[in-house]
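The values are calculated or read from the model by the stated rules, or taken from the named source; none is laboratory data. Every value quoted in this text rests on a predicted model; they were computed, and no experiment measured them. Quick reminder, even Gly has a Cβ in these numbers, built from the backbone with ideal geometry, and neighbours come from all protein chains shown.
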Amino acid sequence: MADELKQIGRLALRVEGENWNAYYALKETMDGAVFLGSIRMGAVTTKPERKQEFMDLMRHVVEDILEDKLGAWPTWTEPQRAPESERSGSA
């Protein structure tokens, strides 16, 4: 099928120090990932609605980027955990 959907990138959210950082990254790597935004972990840890608002905002940023570059919006799938090799933290 010519119109088959293909994953070209992803929204990657990573805890880095005291912040939760958002990146647009290619499918299977963080190499060359584009930093999109950040929020303090303390602002989302006990506020699930704020956590969701940040994720939604970062999705909208990705949508805007892809619409500008490709002329189309992405189709989102359910969130997936990053492979262990890509996980970061405050350790």
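Would the stretch 53-65 turn up any residue that is closer than 19 Å to residue 81 by Cα, of a type outside the set (A, V, I, L, M, F, W, C) and in a loop (DSSP other than H, G, I, E, B)? There is no residue in the stretch 53-65 that is closer than 19 Å to residue 81 by Cα, of a type outside the set (A, V, I, L, M, F, W, C) and in a loop (DSSP other than H, G, I, E, B).
For the stretch 27-44, residues that are among the polar types (S, T, N, Q) and modelled with pLDDT of 95 or more total 1.
So how many residues does the stretch 28-50 have that are β-branched (Val, Ile, Thr), assigned to a loop (DSSP other than H, G, I, E, B) and more than 20 Å from residue 7 (Cβ to Cβ)? Matching residues across the stretch 28-50 total 2. Of the numbered criteria (1) of a type in the set (Asp, Glu); (2) surrounded by 11 or more Cβ atoms within 10 Å (Cβ to Cβ); (3) at pLDDT below 95, the one residue 78 fails is (2).
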